[in-house]
Amino acid sequence: MAVRRIALHACGGITRPGSTVARLAVYFVAEQLLPEKALVSCAPAFLRGVEEDVLMVQKSPSIALDGCEWSCGTNLLYLAGITPAVRILIPEYAEAQGYDLSEVNLRYPSGIGRDLAWAVAERVAGIGGDMLARGSEYRFERPEVVRRQDEWFRPAPNMEGAMEFVRLEPGVYRPVEMPPLPEESKET
């Protein structure tokens, strides 16, 4: 099915600088870079099965922004049996881009934290924009939500044992079971 919007799932943690960056980046994408084309998930509503939040994930490819090794954004989707189209691991991405997460203010990022959030947002908007621009070339299959009642939160790095990923660049991953991103076909 053609991509009309993307769904963004940011880390919900409050004690890690990567989480703060992830949340701000999501709002930069939704409000400034891809307005009306990017939807921001609400973790409690999604996990409770609120129809609007569930439909968002079923109708739109998901991009998870993980602020640390706990993988909150990816875990949120995993608990509902959903595989994200893309996973951004903020600490790894920050390091590769030359940002020091220890300098990020947890309450509200300014300076380096804000700059990093903008860099992440631009990368996410680039990926999402390609999905939107390619219409039916990017084959997004509508997933079925299947609650994993017997599991709760997988803290294994890189979702080890739950998902396998293709590393596109430091901090940017695509699950093996998801279709290649439009940018991957540009490279061949």
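Regarding Leu47, is this residue outside any strand (DSSP E or B), at pLDDT 85 or above and over 12 Å from the mean Cα position of the chain (by Cα)? Steps first, answer last, please.
On the way: outside any strand (DSSP E or B): yes; at pLDDT 85 or above: no; over 12 Å from the mean Cα position of the chain (by Cα): yes.
Judged against the criteria, Leu47 is not a match.
Do we have any residue at all in the stretch 139-146 that's among the hydrophobic types (A, V, I, L, M, F, W, C) and either closer than 26 Å to Ile14 by Cβ or touching a strand residue (DSSP E or B) at 6+ places or on another chain (Cβ under 7 Å) (or both)? Break it down into steps so the answer makes sense when it comes.
Pass one, the stretch 139-146, residues among the hydrophobic types (A, V, I, L, M, F, W, C): 140, 145-146.
Then keep just the ones that are either closer than 26 Å to Ile14 by Cβ or touching a strand residue (DSSP E or B) at 6+ places or on another chain (Cβ under 7 Å) (or both); that gives none.
No - not one qualifying residue is present in the stretch 139-146.
Just to be sure, is Asp115 of a type in the set (D, E, K, R), over 20 Å from Val166 (Cβ atoms) and part of a helix (DSSP H, G or I)? So that I can check it myself, show each step before the final result.
Details: of a type in the set (D, E, K, R): yes; over 20 Å from Val166 (Cβ atoms): yes; part of a helix (DSSP H, G or I): yes.
For Asp115, the condition - of a type in the set (D, E, K, R), over 20 Å from Val166 (Cβ atoms) and part of a helix (DSSP H, G or I) - is met.
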| Residue that is touching a strand residue (DSSP E or B) at 6+ places or on another chain (Cβ under 8 Å) and either among the charged types (D, E, K, R) or over 23 Å from Pro180 (Cα atoms) (or both), where the choices are Gly113, Gly49, Gly67 | Gly67
| Of Tyr108, Tyr138, which residue is within 18 Å of Leu168 (Cβ to Cβ), in contact with a helix residue (DSSP H, G or I) (Cβ under 9 Å, 6 or more places away or on another chain) and of a type in the set (Phe, Trp, Tyr)? | Tyr138
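What is the residue count in the stretch 71-112 for residues that are outside any helix (DSSP H, G or I), of a type in the set (A, V, I, L, M) and touching a Ser or Thr at 6+ places or on another chain (Cβ under 9 Å)? Steps first, answer last, please.
Going through the stretch 71-112, the residues outside any helix (DSSP H, G or I) turn out to be 71, 79-89, 98-100, 104-111.
Remaining after also requiring of a type in the set (A, V, I, L, M): 79-80, 82, 85-86, 88-89, 104, 106.
Narrowing the set further to residues that are touching a Ser or Thr at 6+ places or on another chain (Cβ under 9 Å) leaves 82, 85-86, 89, 104, 106.
Residues in the stretch 71-112 being outside any helix (DSSP H, G or I), of a type in the set (A, V, I, L, M) and touching a Ser or Thr at 6+ places or on another chain (Cβ under 9 Å): 6 in total.
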| message | So Glu36 ticks every box in (1) of a type outside the set (Val, Ile, Thr); (2) buried (at least 20 other Cβ atoms within 10 Å of the Cβ); (3) modelled with pLDDT of 95 or more but one. Which box is left unticked? | response | (2)
| note | Listed by first then second residue, the pairs whose first member lies in the stretch 2-13 and is over 13 Å from Ala64 (Cα atoms), whose partner is assigned to a strand (DSSP E or B) and at pLDDT 90 or above, with beta carbons under 7 Å and at least 6 positions apart or on separate chains, are Arg5/Ala38; Arg5/Leu39
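Here is a yes/no grid of residues against (1) touching a helix residue (DSSP H, G or I) at 6+ places or on another chain (Cβ under 8 Å); (2) acidic (Asp, Glu):
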{"site": "Gly12", "(1), (2)": "yes, no"}
{"site": "Thr15", "(1), (2)": "no, no"}
{"site": "Leu34", "(1), (2)": "yes, no"}
{"site": "Glu51", "(1), (2)": "no, yes"}
{"site": "Ser62", "(1), (2)": "yes, no"}
| request: Consider Tyr78 carefully, then state whether it is free of Cβ contacts under 8 Å to residues at least 24 places away in the same chain and of a type in the set (Phe, Trp, Tyr). | output: no
| field | Qualifying residue in the stretch 133-140 (condition: surrounded by fewer than 16 Cβ atoms within 10 Å (Cβ to Cβ) and at positive phi) | value | yes
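The values are calculated or read from the model by the stated rules, or taken from the named source; none is laboratory data. Small disclaimer: the values here were computed from a predicted structure and weren't measured. All Cβ positions, glycine included, derive from the backbone under ideal geometry; neighbour counts span all protein chains shown.
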